[in-house]
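Since every read-out is calculated from the coordinates, none of them should be taken as a lab result. Predicted model, so just to flag it, every value in this text is computed and none were measured. Cβ coordinates were reconstructed from backbone atoms using ideal geometry, including for glycine residues, and neighbour counts include every protein chain displayed.
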Amino acid sequence: MSDARISVVLCTYNGSAFIDEQIASITAQEYAPYEIIIQDDRSTDDTWDKLQRWQQKDERIRLFRNAENLGYNRNFELAMKLATGDFIAISDQDDIWLPKKLGSLLQAFTGDDIVLAHNRSVRLENGELDYKKSKLQHHFSGDDTRKLLFFNQIMGHDMLFRQSLVQHILPIPAGMSYDWWIAVVATCYGRVVSVEDYLVYHRIHGNNNYFSKTAASKKKELDLDATLRLFYTIPALKPAVKTYLSTLLNLLEQKQHQPGFSRPFFFFLYRNRKTIFGHKRRLFPEISYLKNSIKYAKLDFKGKGITF
């Protein structure tokens, strides 16, 4: 695939503090991107000025600016529509890509059934790299959609996916975490491949959308039952997954009418414990599975968004 064209899609909003470092890491990729699409969501700082300077230096940069602030889902949606490459790589505005990122991900596409590949990333916080949380995660691979329905396990900044997947991704539902949506859709139309290398320094700071703990941030995202209902609408959802989702949605609906610990929900969680909770490495997995089944059988998911 040495001739494959990769479109990098970068969305920005008031990202002046780190945008230069991120664009520099993208333009320096060993496997050079075909184009770098940057969609600015009407920044109010000097991000736009910096982007214009980068465009003058690199002809691969295609620069666009929204007429009004649309939010990160709509911004990414517009940017993906503009991509013309064979593959699309999504970029945050504040990370750092290691030089081998694009090339390593592209090499993972060894069959036509593979629609998405994703690498590992390491947290970069206060100038320090922290591998602890990443090492505790099993890196998702395969096409078992059920494993992605409870927790988002594939981050946008780690993805490379085929252009053909875009028609199934868009439109991104309002309130949905865009990368979670892409990951689940991908398992319905092909296989996901894991690249175990750490290829992104994922910067953590006070203005990250995902890591914000404010109530306003959480209100941007859907409750679990609303999220699952949207997943249920994916046309290529496998019959077994539809049955699984129907059962889960019925149990969540029962919980709304009967707050507190739900025995039926507990038994569902524990019966499917390896599918639901198997994404984390655990010293004593069966004990952890039991504790988590009890914890979530008690939880009221309303108002929690997807950040629980």
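Each label was represented as a point 7 Å from its Cα along the Cα-to-Cβ direction; for E59 and R282 these points are 5.6 nm apart.
Model label points for K298 and Q258, set 7 angstrom from Cα along the Cα-to-Cβ axis, are 1.8 nm apart.
For region 54-91, backbone nitrogen atoms closer than 18 Å to the point 7 Å from Q167 Cα along Cα-to-C-beta are found at 80-88.
Across the chain, C-alpha contacts under 8 Å between residues 6 or more apart give a mean separation that, scaled by the residue count, equals a relative contact order of 18 percent. Across the chain, the longest piece that holds none of the GluC sites (Glu not before Pro) lying in DSSP loops with up to 15 other C-beta atoms within 10 Å covers 69-308. By DSSP, the beta bridges lying fully in the chain are antiparallel in about 35 percent of cases. By the Stokes-Einstein formula, at 1.306 mPa s and 10 °C, the chain with its Kirkwood radius over alpha-carbon pairs has D equal to 78 µm²/s.
Output the pairs from K147/K298; K132/K238; K135/K298 with a Cα-Cα distance over 23 Å in this structure; if there are none, say none. Beyond 23 Å between Cα atoms: K132/K238; K135/K298. Stretched out straight at 0.36 nm per residue, the stretch from D49 to Y131 would grow longer than its current Cα-Cα span by 26.1 nm.
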